[in-house]
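After the C-alpha cells below, expect a handful of questions from me.
The values are calculated or read from the model by the stated rules, or taken from the named source; none is laboratory data. Because the structure is a prediction, the values reported are computed rather than measured. In this analysis, Cβ positions are derived from the backbone assuming ideal geometry, glycine residues included, and neighbour counts consider all displayed protein chains.
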Amino acid sequence: MKSVPAPRFLSTVCVLCLLAIAASAHAQSEPTQKALHGPPKDTLTDVAFEHFYNMDYDRATQEFEKLVEKHPDDPFAVNHLLTVVLMHDLYDTGAMNTGDYANDSFIGRTPRPTDQKIKDQIKDLVKRALALEEQQLKNNSNDINALYCRGVTRAQFAVYTGLVERAWFSALRNAVGARHDHERVLELDPAYTDAKLVVGTHNYVVGNLPWSVKVAAAIAGLSGSKDKGLSYLREVAKSDGENSVDAKVVLTLFLRREHHYDEAMGYMQDLTAKFPRNHLFLTEIANLQRASGDLPAAQATYRRVWQNGREGKYGTLHYELAAWGLGELLRTKKDLPGAAAAYELVNQAPAPDPDILQKANLAAGEMYDLMQKRDLAMKRYETVLAGNANTGPADQARRYIREAYRE
C-alpha cells in the first residue's frame, strides 16, 4: 500500500476540526442535560461567552480569569480560559479563515509565530487542567465530568500542537485521546450531548478520508462515518447548550465541503443575528453565497461587511477579509478593474492582517498587469516585498517584477 505523507494524514485527521474541538470547552449546565453535567452555574460565564463569540477576546480573557480565581479547582473553568487564549492566538496569527479549511490548503500554510509567553501560558493551562482531571479520575474512574474535561483539554492541545507547533504526531495522539474520552462519556451516559461534538467531528473527518488514508487512521485507532458525524453534529446544533454554537460553526465548515449550502447558510444566519459583532459569521455567509453561485448576493454581503467595519461595528477586528473575498469574486467574473479596486481596499483597513495584506497587494498587481498597467503592478509587487520577504506571495512578487503576470 502506498504510504500516506504524515503531515497530510495527521493534519487532516486532527486539525481539520479546528473550530470544533477548540470550541468544545464551552459545555455548560443546561436544561437538556442532567444537573450533574457541567460546571457550577455562574452568571459571569454567560457574560464571558457573549464577549468570546463576539470576538472581544481581551474582555473574555479577563472574565474567564476571574472565573478561574473563583473556581480554582474546576477543570471546566481552566478549559474555558485555555479556549479563549488559544483562539485569540489563532486569530492573531491568521489561522481563523474558514476558507483555508474548506479544502486542504491549510496543510502547507506557514503560520505566523506565536509569542513564547502565549505558548507557555497555553502549556501551563493544559498542565493545570490535566492535573485536576487526573485527580478526579483517580478518585472515580467513571467521573463523567472529569472524562469530558480531559477530552476537552486533550482536544485543545491537539489543536495547539498541530496548528501552532506543527507537531503532527503529538496532535494525533491528543486528538485520539480526546475522542476516546468523549466516547467513554457517551457510553456512561448517551444523554451527554456536548460530548458528541468531538466524536461527531472525528467521525466526519475520518469518514470523509480516501480509503488508503482510512486504513492508516484505523491503525491509529480511529474509525469514522461521515453520516454519523453529521448526525451527531446536527444533534448538538439543535440542543440548547453552549456547544450548539460550536456545532453550527463546524457544521457550516463541513456542509460547505459537501456543497449543502442552504443548511449551512441557515446556521450562519442564526449566528450572525445572535453575535452581530463577529464579522466572520457574516463573511462566511458571503463565502457560502459565492460558493453556491449566487454572486450578486455574495458581492452585496462582502460590501456589507466592509461597510460595517468602516462604521466601527467590528472595532479593530480584521474585517478586511471581506474585501479580499470581494476581490476574489470579481476576479472570477473577469472584472479586472473591480477586482483590483477590491484588493486595494485591504490597504485602507486599520492594521490589516499581514497575510491578507500581502495576498491582496499581490493580487492587485496581477490585475494591473492583466490590464497592462505595469507601473501600478510594480508598485503593488514592491509593497508585497516591503512586508515579509520570506513568504510565498513575496516569491511570486519577485517573479512578476522580472516578468509581468499572465494568466
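Select, from ALA218, ALA237, ALA191, ALA167, the only residue that is under 27 Å from LEU130 (Cα atoms) and in contact with a helix residue (DSSP H, G or I) (Cβ under 6 Å, 6 or more places away or on another chain).
One residue alone meets the criteria, ALA167.
A follow-up question, please. I'd like to know if the stretch 137-148 contains one or more residues that are within 29 Å of ALA191 (Cα to Cα), exposed (fewer than 13 other Cβ atoms within 10 Å of the Cβ) and of a type in the set (Lys, Arg). Working first, answer last.
Restricting attention to the stretch 137-148, the residues satisfying the condition of being within 29 Å of ALA191 (Cα to Cα) are 137-148.
Subsequent filtering for residues that are exposed (fewer than 13 other Cβ atoms within 10 Å of the Cβ) retains 138-142.
Those still in the list that are of a type in the set (Lys, Arg) too: 138.
Among the residues of the stretch 137-148, at least one is within 29 Å of ALA191 (Cα to Cα), exposed (fewer than 13 other Cβ atoms within 10 Å of the Cβ) and of a type in the set (Lys, Arg), which makes the answer yes.
For the stretch 264-283, how many residues are crowded, with 16+ Cβ neighbours inside 10 Å and charged (D, E, K, R)?
Number of matching residues: 1.
Per-residue answers, yes or no, for (1) modelled with pLDDT under 95; (2) farther than 30 Å from LEU186 by Cα:
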residue	(1), (2)
VAL245	yes, no
VAL250	yes, no
ARG256	yes, no
GLU263	no, no
MET268	no, no
ALA273	no, yes
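Residue-by-condition table, conditions (1) under 27 Å from LEU255 (Cα atoms); (2) surrounded by 20 or more Cβ atoms within 10 Å (Cβ to Cβ); (3) among the acidic types (Asp, Glu):
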| site | (1), (2), (3) |
| --- | --- |
| ARG150 | no, yes, no |
| ALA155 | yes, yes, no |
| ALA167 | no, no, no |
| HIS182 | yes, yes, no |
| VAL185 | yes, yes, no |
| ALA195 | yes, yes, no |
| ASN208 | yes, no, no |
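Okay, moving on. Could you check, for the stretch 188-195, whether at least one of its residues is among the hydroxyl-bearing types (Ser, Thr, Tyr) and touching a His at 6+ places or on another chain (Cβ under 7 Å)? Outline the logic, then answer.
In the first step, residues of the stretch 188-195 are kept if they are among the hydroxyl-bearing types (Ser, Thr, Tyr); the result is 192-193.
Of the ones still in play, those that are also touching a His at 6+ places or on another chain (Cβ under 7 Å) are 192.
Scanning the stretch 188-195 turns up at least one residue that is among the hydroxyl-bearing types (Ser, Thr, Tyr) and touching a His at 6+ places or on another chain (Cβ under 7 Å).
The rows are residues; the columns are (1) in contact with a Leu (Cβ under 7 Å, 6 or more places away or on another chain); (2) over 25 Å from GLY293 (Cα atoms); (3) not in a helix (DSSP H, G or I).
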residue	(1), (2), (3)
LYS313	no, yes, yes
LYS334	no, no, yes
LEU362	no, yes, no
VAL384	yes, yes, no
ARG399	no, yes, no
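For (1) closer than 21 Å to GLY325 by Cβ; (2) of a type in the set (S, T, N, Q); (3) out of contact with any His (no Cβ under 6 Å at 6 or more places or on another chain), each residue gets a yes or a no:
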position: PRO350; (1), (2), (3): yes, no, yes
position: ASP353; (1), (2), (3): yes, no, no
position: GLU366; (1), (2), (3): yes, no, yes
position: LYS373; (1), (2), (3): no, no, yes
position: MET378; (1), (2), (3): no, no, yes
position: TYR381; (1), (2), (3): no, no, yes
position: GLN396; (1), (2), (3): yes, yes, yes
position: ARG399; (1), (2), (3): no, no, yes
position: TYR405; (1), (2), (3): yes, no, yes
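In addition: Scan the stretch 167-186 and tell me whether some residue there is modelled with pLDDT of 95 or more, out of contact with any Asp or Glu (no Cβ under 6 Å at 6 or more places or on another chain) and among the basic types (Lys, Arg).
If we filter the stretch 167-186 for residues that are modelled with pLDDT of 95 or more, which is where we start, we get 181-186.
Filter again for out of contact with any Asp or Glu (no Cβ under 6 Å at 6 or more places or on another chain), leaving 181-186.
Subsequent filtering for residues that are among the basic types (Lys, Arg) retains 184.
The answer is yes; a qualifying residue exists.
Report yes if some residue within the stretch 135-149 is part of a loop (DSSP other than H, G, I, E, B), of a type outside the set (Ser, Thr, Tyr), under 22 Å from ALA95 (Cα atoms) and out of contact with any His (no Cβ under 8 Å at 6 or more places or on another chain); otherwise report no.
Pass one, the stretch 135-149, residues part of a loop (DSSP other than H, G, I, E, B): 140-143.
Still in the list and also of a type outside the set (Ser, Thr, Tyr): 140, 142-143.
This time we only want the ones that are under 22 Å from ALA95 (Cα atoms), so: none.
So far as the stretch 135-149 goes, no, none of its residues is part of a loop (DSSP other than H, G, I, E, B), of a type outside the set (Ser, Thr, Tyr), under 22 Å from ALA95 (Cα atoms) and out of contact with any His (no Cβ under 8 Å at 6 or more places or on another chain).
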